[in-house]
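Written out below as structure tokens is the structure these notes cover.
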Amino acid sequence: MIGRRARKRLIAAEGMLLVVSVAFLYPLALALMNSLKTMNDILMNMGSLPREYVWSNYETAWNVLNFPRALLNSLLIDVFSVLGVTLISAMCAYQIVRRSGRFNRAMFGLFVASMVIPFHAIMIPLVQVLRELGMINSLHGIVFAYWGLSLAFAIFLYHGFVKALPYEIEEAALIDGASVYSVFFRIVLPLLKPITVTVVIINALWIWNDFLLPMIVLQGPDNRTIQVAINTMFGQYMKRWDVALPGIVMSLAPSVLFFLLMQRQIVEGISSGGIKG
Amino acid sequence: MRKRLLEAIRQTVFMGPAVLVYLAVLLIPFLLGLYYSMTDWNGASASYSWVGFDNYRSALFDPDFIRSFWFTIRLTLAIALLMNVIGFGLAFLLTKKLRFRNLWRAVFFVPNVLGGLILGFLWNFIFTKCFEAIGEATNWHLFTIPWLGNENTAFWSLVIVSVWHGLGYVMIIYIAGLAGVPAEIREAAQIDGAAGWTLLIQVTFPLIMASITVCLFWTISSTLRIFDLNYSLTSGGPFGSTESVAMNIYYEAFRDNHFGLGSAKAVIFFAVVVVITAAQVLLTKRKEVEA
């Protein structure tokens with residue numbers, strides 16, 4: 001029951017949104033467009049399509065970034081960090097809810113409290129601890145650090161979810177003689193799937209985009225993540241936009257692809273994570 | 001006896017990894033930071049000495065550190081305000097019955113999944129090269145000034161890019177909040193004669209206060225910690241005028257090798273972040289009502 005005036009207003013809103021959306025994404029389009037031009041063409045015809053398409057820009061950026069290596073490092077770090085933190089925090093939250101003794105409740109309090117600690121407030125001593133543990137300059141070391149940094153929020157999210165699970169199913173399985181481990185892995189973990197999606201998405205995104213931790217703890221060209229490689233490239237090619245822009249486009253591509261494939265899960269994950277947080 | 005043993009194993013298996021990682025990555029570094037902050041350690045040498053509160057005094061009398069605080073707080077105010085107003089406006093519009101509303105939502109959310117560091121480099125291109133080109137073509141003053149070379153415009157560049165970057169997140173949270181406002185309440189208010197702004201302020205805002213709390217918390221706490229975007233867009237320039245606290249700490253520790261002083265700054269930073277975010281959450285939480 002929408003009146004004609006209201007419908008007209010909706011159409012006007014739709015038109016306005018089209019204009020705003022184009023403007024909103026224009027910076028990304030500019031990067032894409034100009035990444036295929038010669039330096040001269042960039043400076044002379046910034047707003048138009050390339051006069052000639054210089055695909056070799058991408059080749060140069062690919063080599064300067066050592067892109068395959070950086071991509072692989074970023075992927076390995078992201079996958080193992082997310083797998084680890086998901087498992088560790090799901091188990092921990094489960095135990096806190098089902099065995100809420102004094103120690104576990106105190107630990108939960110500590111976890112939640114530590115969510116307010118900014119990374120920059122602990123990064124200096126964290127480097128020392130990692131060095132003492134022999135975890136500096138290695139991918140497994142940074143994965144370990146990411147477990148710690150993303151643990152608290154993940155436990156918090158799982159805690160809220162496990163609390164709402166009915167105990168009866170587990171109880172029945174336990175009475176039938178199942179061990180608590182098989183109950184957890186076969187019954188509880190599958191039930192946690194919705195919140196697991198949230199935990200995975202939130203952490204996969206921030207760890208992928210994180211720059212400071214890898215910059216501090218991963219030295220040497222072989223260990224660079226995409227973020228660190230881009231930063232290094234800008235140190236050398238600051239004014240060479242014909243190399244820098246394809247580098248930027250290349251480095252953003254995996255995230256854009258991830259968004260296009262997982263759009264619904266990302267939006268739902270972010271909004272349920274935000275509301276509980 | 002056997003039951004107690006099984007319980008102990010269970011506790012170790014389920015809680016052990018989390019507690020261990022937590023100790024190594026969060027708790028010990030946090031306490032160690034407190035300790036370092038009272039030494040003059042440079043991060044490498046084997047010996048260092050205890051200096052008590054000297055580092056805290058140096059930090060509080062360091063004009064660059066104080067400036068970075070004021071800068072970060074001004075930035076946070078501007079970004080939190082703009083992001084929430086625009087984000088709510090968008091959410092409000094995009095919960096109407098628009099044909100392409102899912103497409104618009106996706107568009108405004110895209111920058112949010114991209115990394116701040118890379119986007120900073122990209123916008124550096126826009127503010128330097130693209131603005132220059134537009135300026136030459138149109139001669140508009142707005143585009144002929146060097147945006148990143150001037151204290152004031154560099155500040156607003158950071159605001160613009162931050163809002164562009166984070167808008168999607170805020171929008172999504174407000175959309176979820178608005179979707180949770182029961183239609184009956186709105187209709188009842190409308191029958192009672194509430195419309196337009198009255199409806200929005202008297203009925204809708206109180207009902208989405210939980211979303212407002214979350215969005216304010218997120219915008220404030222993430223801007224207080226700003227580093228990546230700041231580092232790649234302005235690198236703190238011109239002349240350190242846009243250097244955030246996180247950057248100041250980073251430079252103190254890892255460029256100038258003052259681990260002691262850097263740790264003291266980190267502790268002060270931590271305390272300020274906790275006080276500001278806790279105050280905000282307490283203030284807005286009190287205004288939350290049940291539908």
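What follows draws every value from the coordinates through simple rules; no lab data is involved. The structure displayed is predicted, hence computed values, not measured ones. Neighbour counts are summed over all protein chains in view; Cβ atoms, including those assigned to glycine, are modelled from backbone coordinates with ideal geometry.
Using Cα atoms only, what is the angle between the long axis of helix A:139-163 and the major principal axis of chain A, expressed in degrees (0 to 90) to the nearest 10?
60
Give the aspartates and glutamates reachable from A:LYS37 as a straight Cα distance under 16 Å; neighbours fewer than 8 places away on the same chain don't count.
A:GLU52, A:GLU59, A:ASP242
Using a cut-off of under 14 Å, list every residue of region B:114-134 whose amide N is near the label point 7 Å from the Cα of A:TYR237 along the Cα-to-beta-carbon line.
B:122
At 30 Å minimum axial length over the Cα atoms and a Kyte-Doolittle cut of 1.6, report the qualifying DSSP H helices in chain B, or say none.
B:259-285
Could you list which residues have their amide H under 5 Å from that of B:THR39, counting only those 5 or more apart in sequence or on another chain, with H placed in the peptide plane?
B:VAL51
Just the Cα atoms of chain A: what Rg and Dmax do they give in Å?
That works out to 23.9, 77 Å for Rg and Dmax.
Before rounding to the nearest 500, sum -39500 (n - 2.57) across all DSSP H runs of length at least 4 in chain B and divide by the residue total; then give [θ] at 222 nm in deg cm²/dmol.
-21000 deg cm²/dmol
How much FRET efficiency would the formula 1/(1 + (r/R0)^6) give for A:VAL79 and B:ARG255, where r is the Cβ-Cβ distance and R0 is 35 Å, rounded to 0.05?
0.65
When you look at the Cβ of every residue in B:2-11, what mean number of other chain Cβ atoms sits within 10 Å?
Numbers: counts 0, 0, 0, 0, 2, 3, 0, 2, 7, 5.
Averaged over the peptide's residues, the number is 2.
Note the angle between two axes, namely the Cα long axis of helix A:56-65 and the longest principal axis of the Cα atoms of chain A, as a number of degrees from 0 to 90, rounded to the nearest 10.
Relative to chain A, helix A:56-65 is tipped by roughly 40 degrees.
Among B:ALA91, B:ALA188, B:ALA278, whose mean-square fluctuation peaks in a Gaussian network model of chain B (Cα, cutoff 10 Å)?
Result: B:ALA188 has the largest fluctuation of those listed.
Which lysines, on any chain, are close to B:LYS285 with Cα under 24 Å apart, when same-chain ones fewer than 8 places away are left out?
A:LYS163, A:LYS276
Roughly how crowded by other chains is peptide B:121-133, in terms of the mean Cβ count from those chains within 10 Å of each of its Cβ atoms? Could you put the intermediate results ahead of the total?
Numbers: counts 11, 10, 2, 5, 10, 5, 0, 2, 8, 7, 1, 2, 6.
Neighbouring Cβ atoms belonging to other protein chains average 5 per residue here.
Between A:ARG105 and A:LEU257, what is the spin-label point distance in nm, taking each point 7 Å from the Cα along the Cα→C-beta axis?
Distance between the two pseudo-spin positions: 4.9 nm.
Dimensions of region A:1-62 along principal axes (Cα, Å, largest first)?
Principal-axis extents of region A:1-62 (Cα, largest first): 58, 24, 15 Å.
If you average 1/r across every pair of different Cα atoms in region B:1-126 and take the reciprocal, what Kirkwood value do you get, in Å? Before the final figure, lay out each step's value.
Values: mean 1/r = 0.0473 Å⁻¹.
It works out to 21.1 Å.
For B:LEU282 and B:ASN42, FRET efficiency with R0 = 45 Å and r from the beta-carbon atoms, rounded to 0.05?
On the way: r = 40 Å, r/R0 = 0.89.
It comes to 0.65.
Given Cα pairs under 8 Å that are at least 6 residues apart, what percent is the relative contact order of region B:16-62?
26
At a threshold of 8 angstrom on Cα-Cα distance, excluding pairs fewer than six apart, so keeping six or more, what relative contact order does region A:62-276 reach in percent?
Normalised by residue count, the contact order of region A:62-276 is 33 percent.
Order of A:99-108, B:10-19 by packing, highest average Cβ count within 10 Å first?
Values: A:99-108: 13.9, B:10-19: 18.5.
Highest to lowest by the protection proxy: B:10-19, A:99-108.
Take B:PHE100 and A:LEU72, extend 7 Å from each Cα along the Cα→Cβ direction, and tell me the distance between the two endpoints in nm.
Output for this residue pair reads 4.2 nm.
Once R0 is set to 22 Å, what does the formula 1/(1 + (r/R0)^6) return for the Cβ-Cβ distance between A:ASP222 and B:SER235, expressed as a FRET efficiency to the nearest 0.05? Intermediate values should be presented prior to the final figure.
Working: r = 26 Å, r/R0 = 1.19.
It comes out at approximately 0.25.
Along the three principal axes, how long is chain B when you take its alpha carbons, biggest first, rounded to the nearest angstrom?
Rounded to whole Å, the extents work out to 78, 74, 31 Å.
Write down Rg/Rh for the protein assembly as shown, rounded to two decimals, with Rg from the C-alpha atoms and Rh from the Kirkwood relation over Cα pairs.
Rg/Rh for the protein assembly as shown comes to 0.98.
How many angstrom lie between the C-alpha centres of region B:190-223 and region A:144-220?
Rounded to whole Å, the Cα centres lie 32 Å apart.
Report the relative contact order of region B:54-285, percent, no decimals, based on alpha-carbon pairs under 8 angstrom and at least 6 residues apart.
32
For the pair B:ILE86/A:SER56, report the inter-label distance in nm, with labels modelled 7 Å from Cα in the Cβ direction.
4.0
For region A:24-33, just list the computed ³J(HN,Hα) in residue order, Karplus coefficients 6.51, -1.76 and 1.60, θ = phi - 60°, integers in Hz, with x standing in for Gly and Pro.
Running phi through 6.51 cos²θ - 1.76 cosθ + 1.60 with θ = phi - 60° gives 5, 8, 4, x, 5, 5, 4, 4, 5, 4 Hz.
In peptide B:214-225, what is the residue-averaged number of other protein chain Cβ atoms found within 10 Å of each Cβ?
Partner-chain Cβ atoms within 10 Å, mean over residues of B:214-225: 2.
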